[in-house]
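First up is the structure itself, then whatever we jot down about it.
The values are calculated or read from the model by the stated rules, or taken from the named source; none is laboratory data. The model shown is predicted, which means the values in this text are computed figures rather than measured ones. Here the Cβ positions follow ideal geometry from the backbone for every residue, glycine too, while neighbour counts run over all protein chains shown. When the accessible area is computed, the model is the full protein with side chains, heavy atoms only, and any ligands, DNA or RNA have been set aside. Shrake-Rupley method; radii C 1.70, N 1.55, O 1.52, S 1.80 Å.
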Amino acid sequence: MRLLNQSIKHITIPMLVVITAWSVLFYFIILYEIKESTDEGLENYKRQVVYQAQNDSTILSQDSFEEGFYSITQIEETEAQQYKDRYSDTLVYMQDANDRYLELEPARMISTAFELDGNYYELKIIHSMIENDDLLWHIIWSIILLFVLLFLTITVVNNYTLRQLWRPFYIFLARLKAYRLGDNSKLPKIKTNTKEFNDLQIAVNTLLTHSISVYEQQKQFIGNASHELQTPLAIALNKLELLIEKGDLSDNQAMGIGEVIKIIERLVRTNKSLLLLSKIENRQYTDNQDITINNIVKQVISELEEIAEYHNIFINVAEQTTNLIINMDASLAHIAISNLIRNALFHNLPDGVIEINICNKSISVCNSGKEEPLDKNKIFDRFHKSNNSKESSGLGLSIVDAICKLYGFNVKYEYHNNKHCFKLSFSQVIPDLSI
């Protein structure tokens, strides 16, 4: 959820709670005010009825509400002296203009006592009131309308205002996403008067400056390590080969030197693979171009053809498309495809098969092998070996995985029909315009 919508969510919930509480309070306030106003009217009616009774004694005979809005009942003096004005809610039968029959309606009633010519009377006066249910529903619908209008207003104003306030932040974020170490581009910057955004910019650029420094040091270290390690290994390898070529060694000595040569050759391959992994992860391969996977597959098969024939391994290529074109570094594409096919070749069975399937957006390499699946959770880990082969460095599939992560590709392993399959799916494919 975007930041703008997050703020609206946090505003809406408290606003709903406040409006609901205010609505309940408003309902009771309105009800109180209505009763106060009605009671004042009843007090006025009381004075008028008492005044009329003094001038017209026939009024005293109205002892029910059937003939009017008041009733008068004679009471004892003791009761009258203890009488106090009382206001109460009651229900009485009334017939409004829209009613066909008498219906019980809410009313407000005053009960009082007065004295006339030595006699004491109880006076009750009623006055119709608005129905509570009607009042409640009117308030509820008014509050719902108010809430909707407030929500829409806050949403529009909030989005417009916050978009303007957060505009420098989103610009800075976009520039930060586009920034890549090693591109020699300037650090992402924005012009803003907001202190928090300026502080964020300073903090991020400080971290980036430190990362650039570490990145440059790491690149320099990789270059130095490559030179310092490869040269001594090459010298040692050459000297050992010269010793064997002299021919004045015993068989045991020659076998021992041969084993040392194999170890050094494995160290050379491991060193090259680790340096390659480091360069890939540091994004030092930037020479991207449109390349055809079909051509790379044919080239790799040509390079491994003699080894495949020696082990009597049949390689079958099925092309659903003749031009699977992607944009990436050509050397990395060759390394990824080569590692997958070499892995299928060197971990195959005698008289085995390799099936390569080139689809519209993917390539899969399947091979016969040991009849049990590999560990999916570890197959791409560095130095992980599915067998105890001393020739394997355990870095081939790790390099493939690093290349895929660099370009956003997906590589996965499956085991079905007694075959080990690696499928490399490409996120973006260049359309073949030659069709």
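Just to check your reading of the model, which residue among 273, 278 is modelled with pLDDT under 85, small (Gly, Ala, Ser) and over 25 Å from residue 369 (Cα atoms)?
From the options 273, 278, the qualifying one is 278.
Rundown of residues vs (1) open to solvent by 70 Å² or more (accessible area, probe 1.4 Å); (2) in contact with a helix residue (DSSP H, G or I) (Cβ under 6 Å, 6 or more places away or on another chain); (3) over 17 Å from residue 116 (Cα atoms), yes/no style:
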residue	(1), (2), (3)
21	no, no, yes
28	yes, no, yes
41	no, no, yes
46	no, no, no
54	yes, no, no
57	yes, no, no
66	yes, no, yes
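Matching residues to (1) farther than 22 Å from residue 357 by Cβ; (2) among the hydroxyl-bearing types (Ser, Thr, Tyr); (3) part of a loop (DSSP other than H, G, I, E, B); (4) within 36 Å of the chain's Cα centre (by Cα):
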residue	(1), (2), (3), (4)
248	yes, no, yes, no
265	yes, no, no, no
277	yes, no, no, yes
291	no, no, no, yes
307	no, no, no, no
326	no, no, no, yes
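Just for the range 170-186: of the residues that are of a type in the set (A, V, I, L, M, F, W, C) and open to solvent by 50 Å² or more (accessible area, probe 1.4 Å), which one is nearest to residue 216 (Cα to Cα)?
Checked the range 170-186; the qualifying residue nearest to residue 216 (Cα to Cα) is 181.
Against the definition (modelled with pLDDT under 80, out of contact with any Gly (no Cβ under 7 Å at 6 or more places or on another chain), open to solvent by 60 Å² or more (accessible area, probe 1.4 Å) and among the polar types (S, T, N, Q)), how does residue 158 come out, yes or no?
When the stated conditions are applied, residue 158 does not pass them.
Can you tell me which residues in the range 302-356 are farther than 19 Å from residue 415 by Cα and among the acidic types (Asp, Glu)?
Within the range 302-356, 303, 305, 306, 309, 319, 329, 351 meet the criteria.
Condition first: open to solvent by 70 Å² or more (accessible area, probe 1.4 Å) and either of a type in the set (S, T, N, Q) or touching a His at 6+ places or on another chain (Cβ under 9 Å) (or both). Now tell me which residues in the range 143-155 satisfy that.
Correct list: 153 only.
Pairs only if they're at least six apart or on different chains, beta carbon under 8 angstrom, first in the range 139-155 and part of a helix (DSSP H, G or I), second open to solvent by 80 Å² or more (accessible area, probe 1.4 Å); list them, first residue then second.
Within 8 Å, the pairs are 147/16.
Quick grid of which residues meet (1) modelled with pLDDT of 85 or more; (2) in a loop (DSSP other than H, G, I, E, B); (3) in contact with a Phe, Trp or Tyr (Cβ under 6 Å, 6 or more places away or on another chain); (4) over 20 Å from residue 319 (Cα atoms):
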| position | (1), (2), (3), (4) |
| --- | --- |
| 342 | yes, no, no, no |
| 371 | no, yes, no, yes |
| 379 | no, yes, yes, yes |
| 406 | no, no, no, yes |
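So, of the residues in the range 393-416 that are over 17 Å from residue 341 (Cβ atoms) and of a type in the set (A, V, I, L, M), which turns out to be least open to solvent (accessible area, probe 1.4 Å)?
Among those that are over 17 Å from residue 341 (Cβ atoms) and of a type in the set (A, V, I, L, M), it is 402.
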